[in-house]
Amino acid sequence: MVSKEAGPYQVDTPLPKEIGSITAARGIARRVLTECGYQGHHEDVLLVVSELVTNALVHGDGPPSLRMRGSASKVRIEVSDEGERLPEPREPGPANGWGLHVVRLLSTGWGISPRDGGKVVWCELAARLAPLQAAPRES
């Protein structure tokens, strides 16, 4: 069992340039979320991981790499590849896909960082804890 006090956790792993990497990346993400005790919506993180890895496989060059850092309140996801062409957000829809649009909607921040020999697409998600409910007034 993971304690509520779970601290920062990090994983950095290369993925093969094959469609099965999406499933592998989701498995890695599940482990990170459990190990760091992330209190946010796990399904949101898994969807973002799927979208970023898919984009790297379809539009990037070379095998992608997944890096995740997490704590109980925040998760950072970075997917890198060897392609120098930076992703361009497009109007979401059936013809263009939903990838970066979904990432933008679910993330508290995201971006694209060029690096020697490629690029990194990153995003951060924060646990949105429910606000405290006021006690009902007695009449």
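The values are calculated or read from the model by the stated rules, or taken from the named source; none is laboratory data. Note that this is a predicted model, so its numbers are computed, not measured. Every residue, glycine as well, gets a Cβ built from its backbone with ideal geometry; the counts of neighbours run over all protein chains shown.
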| message | Here is a list: Glu35, Glu51. Which entry is under 12 Å from Glu78 (Cα atoms) and either out of contact with any Leu (no Cβ under 7 Å at 6 or more places or on another chain) or among the charged types (D, E, K, R) (or both)? | response | Glu51
| request: Please state which of the following conditions Val58 fails to meet, knowing it meets all the rest: (1) farther than 19 Å from Thr23 by Cβ; (2) at pLDDT below 95. | output: (1)
| request: Go through the stretch 6-20 residue by residue and tally those that are surrounded by 15 or more Cβ atoms within 10 Å (Cβ to Cβ), within 14 Å of Ser65 (Cα to Cα) and more than 14 Å from the chain's Cα centre (by Cα). | output: 2
| task | Look through the stretch 51-71, keep the residues that are out of contact with any Gly (no Cβ under 7 Å at 6 or more places or on another chain) and in contact (Cβ under 8 Å) with a residue 60 or more places away in the chain, and return whichever of them is surrounded by the fewest Cβ atoms within 10 Å (Cβ to Cβ). | result | Arg69
| request: Restrict the check to the stretch 36-50 and report whether at least one residue is among the acidic types (Asp, Glu), surrounded by 15 or more Cβ atoms within 10 Å (Cβ to Cβ) and without any contact (Cβ under 8 Å) to a residue 60 or more places away in the chain. | output: no
| Boolean, Lys17 is among the basic types (Lys, Arg), part of a loop (DSSP other than H, G, I, E, B) and modelled with pLDDT of 95 or more | yes
| message | Suppose we filter the stretch 72-92 for residues that are in a loop (DSSP other than H, G, I, E, B) and surrounded by 17 or more Cβ atoms within 10 Å (Cβ to Cβ); how many remain? | response | 2
| Which one of these does Asp61 not meet: (1) assigned to a helix (DSSP H, G or I); (2) more than 13 Å from the chain's Cα centre (by Cα)? | (1)
